[in-house]
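Just below is one structure, and these are the notes that go with it.
The values are calculated or read from the model by the stated rules, or taken from the named source; none is laboratory data. Everything quoted here is computed from the prediction, not taken from an experiment. No Cβ is skipped: glycine too gets one built from the backbone with ideal geometry, and neighbour counts run over all protein chains shown. Heavy atoms of the whole protein, side chains included, go into the accessibility calculation; ligands, DNA and RNA do not. Shrake-Rupley method; radii C 1.70, N 1.55, O 1.52, S 1.80 Å.
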Amino acid sequence: MGSSSTQAAAAPSRRRVALYLTLLTLQYGAQPLISKRFVRQDTIVTSLVLATEAAKVICAIVLLIAEGSLKKQFRNWTLTGSLTASGLPAAIYALQNSLLQISYKNLDSLTFSILNQTKLLWTAFFTYLILGQKQSSKQILALTLLISAAVLLSVGESSSKGSKGGSSDYVLLYGIIPVTVASMLSGLASSLCQWASQVELTYYIYFPGYNLWSLLTHSIIVQVKKHTSYMMTIEMSFIGSMCMLASTYRSPDGEAIRKYGFFHEWTLWTVVPVLMNAVGGILVGLVTTYAGGVRKGFVIVSALLVTALLQFIFDGKPPSHYCLMALPLVMTSIFIYQKYPYADRKKKD
């Protein structure tokens, strides 16, 4: 069993966590605008996702080398531990990334960013379901405000036209629905990753009895506990890429790659959003591990302000009336959620 001092030593300082959160805020805020500007409409989504996952692996390996822990991590690596910690989240994130790439092209940048923050609701739901983390009544109110903002934006965007002049049905099908489903998947994957990181950092989970389930679970904990955020990123990117490659056997994207080539409609500038996504993936792993899924989500909601500012500066497009009405709801929900956390009455007594 690990000690609290070991955990403290393993965890980064508050300043470093704050730096991770700030960088992730900037990445989340700029990503929709960068992707919209540098990725062409006919670019094959699967090629973007696979390139992003490859870039994540390279970044994570470089960081492990810089830490001097690369050999140790691969020495302790096992297939069972890898699949247990990273298998399901990897498959979920691969699907999520594909949905986000579709949505990037068909939604206004600020609208996309606000709708994407409904992941906070799903993260709260799945952290309760998987980790047993409860929410206070005021935090539930904050999540309700967030839902209201998402509904407001959905109604406003679906009643208007898409970014490329498409119909409202097209915007709903290829813009609003993909980002909403992606947000749900993000909440699930984030909670699973947080579970895996808690197993890694604490070692305090105990399953009494000697039935098959307790023995199997205990053996998994022993194998997963030495994972770092970088190692999980490598595993998840690799497994997710295998899932994406398998899907190309029958998918329209697979046919397009075989017909036109992997880099169809790519330009030199397409590399920019790919690298930004890769760096964001590394930061998400670090923040989820050390700050928690829900807290991460509410901090990065401030990326909405970054998106609004960049969209106005570079596109000369002021926020829509629906965005202006939704933004204070989102920001209020952030304040309430952070200000009034859940407190266990039994512990107080």
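For region 83-105, the criterion of being farther than 29 Å from residue 331 by Cα, in contact with a His (Cβ under 9 Å, 6 or more places away or on another chain) and open to solvent by less than 40 Å² (accessible area, probe 1.4 Å) is satisfied by at least one residue.
Only residues that are open to solvent by less than 20 Å² (accessible area, probe 1.4 Å), over 22 Å from the mean Cα position of the chain (by Cα) and modelled with pLDDT of 80 or more were counted in region 1-42, giving 0. On the basis of being among the aliphatic types (A, V, I, L, M) and either closer than 28 Å to residue 35 by Cα or at pLDDT below 80 (or both), does residue 145 make the cut? Taking the combined requirement at face value, the residue does not satisfy it. Sort through 43, 123, 80, 111 and tell me the only one that's in contact (Cβ under 8 Å) with a residue 60 or more places away in the chain and not in a helix (DSSP H, G or I). One residue alone meets the criteria, 43. Determine which single condition residue 134 fails, assuming it passes every other condition in (1) over 20 Å from residue 48 (Cβ atoms); (2) in a helix (DSSP H, G or I); (3) in contact with a helix residue (DSSP H, G or I) (Cβ under 7 Å, 6 or more places away or on another chain). All conditions are met except number (2).
Here residue 85 meets the list (1) modelled with pLDDT of 75 or more; (2) over 30 Å from residue 39 (Cα atoms) almost entirely, failing just condition (1). Just one of the listed residues (64, 120) is over 23 Å from residue 151 (Cα atoms) and either within 13 Å of the chain's Cα centre (by Cα) or open to solvent by less than 10 Å² (accessible area, probe 1.4 Å) (or both), namely 64.
The single condition among (1) more than 22 Å from the chain's Cα centre (by Cα); (2) surrounded by 21 or more Cβ atoms within 10 Å (Cβ to Cβ) that residue 237 does not satisfy is (1).
Please work out if residue 249 is open to solvent by 50 Å² or more (accessible area, probe 1.4 Å), at pLDDT below 80 and among the hydroxyl-bearing types (Ser, Thr, Tyr). No. Take region 252-268 and flag every residue that is assigned to a helix (DSSP H, G or I), touching a residue at least 60 places away in the same chain (Cβ under 8 Å) and either open to solvent by less than 100 Å² (accessible area, probe 1.4 Å) or of a type in the set (D, E, K, R) (or both). Passing the criteria: 253, 254, 256, 257.
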